[in-house]
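The structure appears right after this line, and notes come after that.
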Amino acid sequence: MIPNGQMGNLQDLFVTNIMNGGTGSTLHLFKNNLLSSPTVGIGDFVEADFDGYSTDGPHTDWLKVVDPDVHRGSIVLPTETLQTVVGNTNLPQVIYGYYVVGNTGELCCWEHFKVPVQLSEIYQGFTPDVHFVFNESIQDNP
């Protein structure tokens, strides 16, 4: 178990790109319902492909915060990028979460949304809430 006092160090390592996050990373949405496992790799994700979808980034604007629910170190992406369906191709589509790819092409982290997003019609849009807690992303993975 990593003590709360060390969470700031982990956040710094992510934001400064030492943990392959932060600078130059891109945000992707996935449409398959993956089970959490320490063996999940970038090839396990089925990327969203609705009309209008595009990856978001590269990012340099990650912020270190304390999660208000679990009071643990976390990282948020403050940039709100609206994803909007602009055509009927590949609808309906369920978006289960997001994953972050570092500037080296490796998987940094991934999270399920609390509630999957169901896309079923043209001009439907949503803004992904990109927020991951180190307790969930690092500590609880065996």
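Rank the residues 75, 95 as a footprinting-exposure proxy: fewest other Cβ atoms within 10 Å of their Cβ go first.
Final ranking by Cβ density, sparse to dense: 95, 75.
Using alpha carbons only, what's the Rg to Rh ratio of the stretch 4-139 with Rh from Kirkwood?
0.97
For the residue pair residue 66 and residue 44, what label-to-label distance in nm results when each label sits 7 Å from Cα along the Cα-to-beta-carbon direction?
If labels sit at residue 66 and residue 44, their model points lie 3.2 nm apart.
Taking 0.36 nm per intervening residue step and subtracting the Cα-Cα distance, what contour gain separates residue 81 from residue 104 on full extension?
Residue separation times 0.36 nm, minus the Cα-Cα distance, leaves 6.0 nm.
All of the numbers you see were taken from the coordinates with simple rules; none came from a lab. From a predicted model like this one, the values you see are computed outputs, not experimental measurements. Glycine also receives a Cβ, built like all others from the backbone with ideal geometry; neighbour counts cover every protein chain displayed.
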